[in-house]
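Everything below concerns the one structure shown next.
Every read-out reported here was derived from the displayed coordinates using simple, explicitly stated rules and does not represent laboratory data. Only a predicted model underlies this, so the values are computations on that prediction, with no experimental measurement involved. Heads up, the Cβs are rebuilt from the backbone with ideal geometry, glycines too, and the neighbour counts pull from every protein chain shown.
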């Protein structure tokens, strides 16, 4: 097809195109199709990137969620469930049974932790006779009127680099506006023992 130039100087071929009203050639169907396909490809690519990002985010979130509790944390929770079941079962264990359970837990500890736990048990029983031994999350603990006052967390329990002597909020250790409630233990010398004796006595004092 040939079309006369606007200035009348001649004609030129137009490949199956017609003129727009402004004199410019109109795009044919195949050109529209090619350009349209390019747009579709760009939109598809954008969607793919967006979906991939969302999928990655979901996977990351899922990965964090599935990490969950460690094996040691799950073991501690299982121990606590068993302790609560025993307390709610009606056949409440005697103080002697509770103490034997604590001694069994201590005996099963690695040597370094076992030596410290045995010494702590002796110190606490001698200096705070109002406290009764019992297990708490599977750890040796010492309670007054059913409330845990202090406990020994071995380094083995949660794979920490030191053992811990901890006190609950029931312990009367208040001092000013801020005070410690947990103490790292790596060894018990006479100096540490003297400090522990002081802490235990303060913990059970009456207001």
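Using a simple spin-label model with pseudo-atoms 7 Å out from Cα toward Cβ, residue 205 and residue 75 lie 3.8 nm apart.
Please state the shape class of region 68-131: rounded when a/c is under 1.5, otherwise prolate if a/b exceeds b/c and oblate if not, all from the C-alpha gyration tensor. Because a/c hits 1.5 or more and a/b fails to exceed b/c, region 68-131 counts as oblate.
Model label sites at residue 96 and residue 114, defined 7 Å from Cα along the beta-carbon direction, differ in position by 2.5 nm. For region 108-203, rounded, prolate or oblate, judged on the Cα gyration tensor with a ≥ b ≥ c (square roots of eigenvalues), a/c < 1.5 rounded, else prolate if a/b > b/c? Verdict is rounded for region 108-203.
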